[in-house]
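Before any comments, here is the structure.
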Amino acid sequence: MPENGTSRRQSYKFEPTSRMSNTYIAAGKDDPEQIIKDTKLGIYVANFGGGSVEPATGDFNFSASEAYVIRDGKIAEMLKGCTLIGNGRDVLMNIDRVGNDLDLGVGMCGAASGMVPVCVGQPTIRLSSITVGGRGGKLE
């Protein structure tokens, strides 16, 4: 078959594994600062540390290496040990704001086929709901 970029491997030592390609959220019209100002209580995730996705179901978990509480439209205290948990299809349906700041970068994806470089990124988005795990109590 002709190449399509969806099956990759680190080297000849690994079996090829299917990979997603060319999936991202396009830039929206909202100013990212206004999205935060319009959020009464939420979590602002500045950086992710890693995670996993079950390809058959779309279930995922991603740890936030840098996350903060949003209180009354302002970024407040830092959160430690914050993990976002959900299902890709469900989360896409919960996006209620999309920023105009699409930014792409280089990342690495690890799987049975080894570590391969991938393109990562998205604009600022706001979700109406998502499951958040971590250390500590209730966010109030």
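Values in this text are rule-based calculations from the coordinates and carry no lab data. Since this is a predicted model, take the numbers as computed values, not measurements. Note: ideal-geometry Cβ built from the backbone for every residue, glycine included; neighbour counts use all protein chains shown.
Just a few scattered comments:
- Treating r as the C-beta distance of residue 128 and residue 56 and R0 as 41 Å, the FRET efficiency rounds to 0.95.
- Qualifying aspartates and glutamates (Cα of each under 20 Å from Cα of residue 74; at least 8 residues distant if same chain): 30, 31, 33, 38, 66, 96, 101, 140
- Relative contact order (%) - criterion: Cα under 8 Å, at least six apart; region: the chain: 26 percent
- Values of log10 I(q)/I(0) for the stretch 7-132 across q = 0.16, 0.21, 0.22 Å⁻¹ run -0.88, -1.39, -1.48, by the Debye formula with one identical scatterer at each alpha carbon and no solvent.
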